[in-house]
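Some notes on the structure that comes next.
Please treat every number below as a calculation from the coordinates, not as lab data. Please read all numbers here as calculations on a predicted model, not as lab measurements. A quick note on method: Cβ atoms are made from the backbone with ideal geometry, for glycine too, and the neighbour counts reach across all protein chains shown.
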Amino acid sequence: MLAGRLFDLSNPVKKTIVVLTLGHKVSNAIHIEKKVEGLSDFNKQNDSTFDIKYVAVEDFTNPEIIRSTTESIIEDIDNLHGIFFTNSRSHKFLNDNQLFAKHSKDIVIVGFDLLEENIEYLKKGDINFLLNQNPLKQGYLGVMNLFNYFVYNKEIPLKRYLPVDVVVAENYPEYLNQKHVSLELVI
């Protein structure tokens, strides 16, 4: 849903969004399916007029496939407003993609994860937003759940929703500094 809100805020008129998955079939990856579902849910719940197009590129390491995918996105999709990368591989699509570079300033790009390569594109303005899922905190909470279960016989919650951070060029250094923060053991 967060990606939908970002696209909606960035331009309420131009409404075609490409959901681009690199390297996974959406049907085989529940975490990607949930991200796509969230964008669709935002569209429905907010009476938004996004036209969502789904594109999956399994062989994202092949420059010819990336080039032909880029050509079809640019040529076949009217009123392209944004691209939502469902995983951390946005840099793989943007890397050496001169065809896309000519159009990227007019298109809002939302990607995932604070990889060095993604941050470089964020700093250059080729990626507008990176959604940080905070893997350090996820790992910490997972270990704490196991610790509490085995040591204190506490029940593990079936679901736990964690906040997702919106990282932009102006605030990314703060998130990079958090990599060195130690998490306390809370009992």
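Just need the Rg to Rh number for region 39-134, please, alpha carbons only, Kirkwood Rh.
0.95
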* Once you put a point 7 Å from the Cα of K34 and another 7 Å from the Cα of S10, both along the Cβ direction, what distance in nm separates them? -> 2.3
* Structure fact -> Restricted to the chain, the DSSP antiparallel beta bridge percent, nearest 5, is 15
* To do: Mind giving me the nanometre distance, one decimal, between the label points for Y54 and R67, set 7 Å out from Cα along Cα→Cβ?
  => 2.9
* Structure fact -> Cα pairs beyond 31 Å in the chain, in percent, come to 23
* To do: Grab the Cα-Cα distance for I77 and M1, subtract it from 0.36 nm times how many residues apart they are, and report the gain in nm with one decimal.
  => 25.1 nm
* Relative contact order %, the chain, counting alpha carbon pairs below 8 Å whose residues are six or more apart -> 19
* Could you work out the local net charge near Y161, counting Lys and Arg as +1, Asp and Glu as -1, over the other residues with Cβ closer than 15 Å to its Cβ? => +2
* Structure fact -> Cross-link reach from K137 to aspartates and glutamates, straight Cα distance under 20 Å and at least 8 residues apart if same chain, gives D113, E116, E155, D165, E174, E184
* Hey, what angle do you get for helix 135-152 against the long axis of the chain, alpha-carbon based, 0 to 90 degrees rounded to 10? -> 30
